[in-house]
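The values are calculated or read from the model by the stated rules, or taken from the named source; none is laboratory data. Because the structure is predicted, anything quoted here is derived from the model rather than measured. Every residue, glycine as well, gets a Cβ built from its backbone with ideal geometry; the counts of neighbours run over all protein chains shown.
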Amino acid sequence: MHRPGVTGPAPLRGTAADGPPRPEDSVADHLAPLADDALLDLSTDVAGKDVEDTLARLDAELVGLANVKRRVREIAALLLIDRARQRFGLQATRPTMHMSFTGGPGTGKTTVALRMAEMLHALGYIRKPKVHTVTRDDLVGQFIGHTAPKTKEALAKAAGGVLFIDEAYYLFRPENERDYGQEVIEILLQEMENERTSLVVIFAGYPDRMETFFSANPGLSSRVAHHIEFPDYTHDELMAIAELMVRQENFHFDPQAAQAFSRYLELRMARPRFANARSVRNALERCRLRQAKRLVELHRPVGRTDLITLTDSDVLGSSVFANALADEGASP
């Protein structure tokens, strides 16, 4: 970023050069303001390169989720433009980054939270690229006077970064008048407003329960600017995730195993408690167990190809197939 006619502009990150990053330090605090008729080259802000690297990692790590990735890019663009506005001395309210991630298990919410923290840090919005993950048990006490210290301890650990509250709807239990979850919500409301320059809170959980959670807490809902939905993966996306996971662990499906795993997914997706990518990972772990047993029982030397190949027998040994046959046999 530079004034026209000035050579050798210094790259920007939105942090002071002589000290650690602080989100309260705006770009305008440590760089001379630009003239009204100046032109600003956004590509010279090195934070933009950091953001692109983070988004590339997100694309590589997560299959699908086009709407989620688009929203993340929109947030990145908002903060980049906010930095540019500061260079011209254009003052505006600091964008609120508290978020809600709604979706089923294994849809990538935690991974996106990690990348979001990296992106916000690169843009100077938070001091640390870290995520502190908690659940109800980490926040709610068992007796009077126990909840506030637990909640404040969690907030202290997340200070300067992101507090990720998984299954956040468990904080609200209207059927129990003596429940201490409401105390947690009240503390969070205060901290989310007072510590906007040093903390981002992300609430996560199932869509229907999160809708009830926010409906019952209008003050909380009004402080969450970004509601991002994580849809369940399709069969083809889950197959792509499986292939990616297998490659990352230096294995591969032979053609018959790939067909068998595709059929496995069809059957497993129809059964209870399916958890998207999490269930895929668990299934692959069991395939590896069956492969290991098969190789040991060969009672012969094994080569590299043996060690990296998953066969159809490693997949078909799953109880999902046996249960499917049993269900078919029980049909009238």
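Restricting the range 207-218 to residues that are touching a helix residue (DSSP H, G or I) at 6+ places or on another chain (Cβ under 8 Å) and surrounded by fewer than 16 Cβ atoms within 10 Å (Cβ to Cβ), the residue that is modelled with the highest pLDDT is ARG209.
Against the condition within 16 Å of the chain's Cα centre (by Cα) and of a type in the set (A, V, I, L, M, F, W, C), how does VAL134 come out, does it pass? When the stated conditions are applied, VAL134 passes them.
Could you please find all residues in the range 49-79 being surrounded by fewer than 17 Cβ atoms within 10 Å (Cβ to Cβ) and in contact (Cβ under 8 Å) with a residue 24 or more places away in the chain? Listed by number, the residues that qualify are ARG57, GLU61, ASN67. Listed here are the helices (runs of 4 or more DSSP H) enclosed by the range 64-171 that have at least 2 residues being more than 28 Å from ALA47 (Cα to Cα): 136-139, 147-158. Against the list (1) over 29 Å from ARG70 (Cβ atoms); (2) of a type in the set (Phe, Trp, Tyr); (3) under 27 Å from the mean Cα position of the chain (by Cα), the condition PHE274 fails is (1).
Scanning the range 277-296 for residues that are over 27 Å from the mean Cα position of the chain (by Cα) and small (Gly, Ala, Ser) gives a single hit, ALA292.
Answer yes if at least one residue in the range 263-279 is surrounded by fewer than 18 Cβ atoms within 10 Å (Cβ to Cβ), aliphatic (A, V, I, L, M), touching a Gly at 6+ places or on another chain (Cβ under 6 Å) and at pLDDT 95 or above, and no otherwise. Looking for residues that are surrounded by fewer than 18 Cβ atoms within 10 Å (Cβ to Cβ), aliphatic (A, V, I, L, M), touching a Gly at 6+ places or on another chain (Cβ under 6 Å) and at pLDDT 95 or above, one finds at least one in the range 263-279, hence yes.
The condition of being closer than 30 Å to ARG196 by Cα and modelled with pLDDT under 95 does not hold for PRO231.
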